[in-house]
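Working notes for the structure below.
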C-alpha cells in the first residue's frame, strides 16, 4: 500500500511539473512574460525547452497537444498562430496532429 501511495505522489508531481513546464513555455513563446519574470517567482521552475532557445515546430506541437488534452483551447490557438507564423508548414506533420492543430 505504501508503494502505491508513493507512486501516486510521484505521478502527481510529474503532472505538476508538466503543467508548469507547458505554462511557463507558453508564457515565454507568446511574450506574456519574460524569462526574468518567470524565474523571479517562488519555487521550482520548469520549461518544455531550454528557456533561452526558440522552440521548434515539434516543441510547439507538443505544447499544443498538451493544451488540447487539458482543454485550454485559447492557449492552443495562440500557439497554433505562433507555429503558422513561424513559416513551418503543417502539411508535413501527421494527419492527426495537423487536424488537431487546425481545430484549435
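Out of all the residues in the range 59-79, is one or more surrounded by fewer than 16 Cβ atoms within 10 Å (Cβ to Cβ) and modelled with pLDDT under 90?
No: zero hits.
Any residue in the range 29-48 that is touching a residue at least 12 places away in the same chain (Cβ under 8 Å) sitting within a Cβ distance under 8 Å of a residue that is part of a loop (DSSP other than H, G, I, E, B) and exposed (fewer than 13 other Cβ atoms within 10 Å of the Cβ)? List the pairs, counting only those 6 or more apart or interchain.
Qualifying pairs under 8 Å: 35/52.
Pairs, please: C-beta under 6 Å, at least 6 apart or cross-chain, first residue in contact (Cβ under 8 Å) with a residue 40 or more places away in the chain and in the range 56-78, second buried (at least 17 other Cβ atoms within 10 Å of the Cβ) and outside any helix (DSSP H, G or I)?
Here the result reads 63/48, each pair linking the range 56-78 to a residue that is buried (at least 17 other Cβ atoms within 10 Å of the Cβ) and outside any helix (DSSP H, G or I).
Assess whether residue 14 counts as being within 22 Å of residue 84 (Cα to Cα) and out of contact with any strand residue (DSSP E or B) (no Cβ under 8 Å at 6 or more places or on another chain).
Numbers: within 22 Å of residue 84 (Cα to Cα): no; out of contact with any strand residue (DSSP E or B) (no Cβ under 8 Å at 6 or more places or on another chain): yes.
No.
Do you know which residues across the range 21-55 are surrounded by 13 or more Cβ atoms within 10 Å (Cβ to Cβ) and part of a loop (DSSP other than H, G, I, E, B)? Can you show your working first?
If we filter the range 21-55 for residues that are surrounded by 13 or more Cβ atoms within 10 Å (Cβ to Cβ), which is where we start, we get 21-30, 33, 35, 38, 45-49, 51, 55.
Passing the criteria: 30, 33, 45, 46, 47, 48, 49, 51, 55.
The values are calculated or read from the model by the stated rules, or taken from the named source; none is laboratory data. None of these values were measured; they are calculated from a predicted model. Counting neighbours? That spans all protein chains shown, and the Cβs are built from the backbone with ideal geometry, glycine included.
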